[in-house]
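Here is the structure we will look at.
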Amino acid sequence: MEEKLIEKPKWEFKTSAGLATATVEQVWPLLEDFCNLHKWLPETLHECYRVGGILGQRPGLTRYCTFSRTLPSSDGHEAVTQTVYANDRLLSIDPIKRCFSYEMLDNNMGMKTYVATLRLLPINDDDDDDDGKLHACGCKIEWSFVCDPMEGWSFEDFSSFIAASLQTIAKNMEDATSLSS
């Protein structure tokens with residue numbers, strides 16, 4: 001008897017977060033720093049550091065990140081806290097378009113494949129001064145991903161986790177840029 005593998009559809013998601021007062025020129029140096037994500041998610045990420053490749057804008061750079069995840073117990077008693085890790089590899093980075101993509105190489109989250117892209121885009125005003133030009137008045141970060149369904153996560157839970165993480169990143173980056181200006 002021939003065995004058939006049933007392939008589940010990939011999860012695809014895109015979210016964005018606005019930074020009302022920070023410009024793309026202020027935020028890009030913070031966002032492109034692939035191995036320092038923990039600076040912008042200090043409540044979530046325990047650590048994020050380079051494990052391979054050359055620092056800077058080099059595809060092939062790999063990082064190791066850890067965070068804690070609280071899971072409900074299977075027997076209805078006390079929740080269980082799990083330390084989660086991921087090894088990610090930078091696939092591409094474009095400082096002109098202000099975007100980068102990375103893939104997850106290894107993890108203990110039950111994820112087989114994960115590829116994400118982060119893009120930084122200007123937010124333009126509505127041309128209030130009649131000079132015929134759009135004027136930057138902030139920026140937004142877009143985070144999109146495609147991955148296989150994960151063991152132990154629903155699509156809604158994982159996409160909510162990514163969306164909430166991005167909101168935190170945007171807030172912390174906006175706070176940092178307002179302190180430096």
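The values are calculated or read from the model by the stated rules, or taken from the named source; none is laboratory data. Just so it is clear, the structure is predicted and the values come from calculations on it, not from any experiment. Note: ideal-geometry Cβ built from the backbone for every residue, glycine included; neighbour counts use all protein chains shown. All accessible areas refer to the heavy atoms of the entire protein, side chains included, with ligands and DNA or RNA removed. Shrake-Rupley method; radii C 1.70, N 1.55, O 1.52, S 1.80 Å.
Miscellaneous remarks
- Estimated inter-spin distance, residue 79 and residue 155, nm [label 7 Å along Cα→Cβ]: 2.5
- If the chain linking residue 172 and residue 8 were pulled fully straight, counting 0.36 nm for each residue of separation and taking away their Cα-Cα distance, it would gain 55.4 nm.
- Listed by chain and number, the lysines whose C-alpha is less than 26 Å from the C-alpha of residue 10, apart from same-chain residues fewer than 8 away, are 112, 140.
- The packing ranking of peptides 86-96, 141-151, highest mean first, is 141-151, 86-96, where packing means the average number of other beta carbon atoms within 10 angstrom of each residue.
- Solvent accessible area, Å² - residue 14, 1.4 Å probe, full protein context: 130
- Sequence-ordered 3J(HN,Hα) estimates for the range 80-96 from the Karplus curve with 6.51, -1.76 and 1.60 and θ = phi - 60° stand at 10, 9, 10, 8, 10, 10, 8, 9, 10, 10, 5, 8, 7, 8, 10, x, 6 Hz, glycine and proline given as x.
- Accessible surface ranking for 85, 49, 102, 1.4 angstrom probe, highest first: 49, 85, 102.
- Cα shape, the range 16-88, gyration tensor, a/c 1.5 rule: oblate
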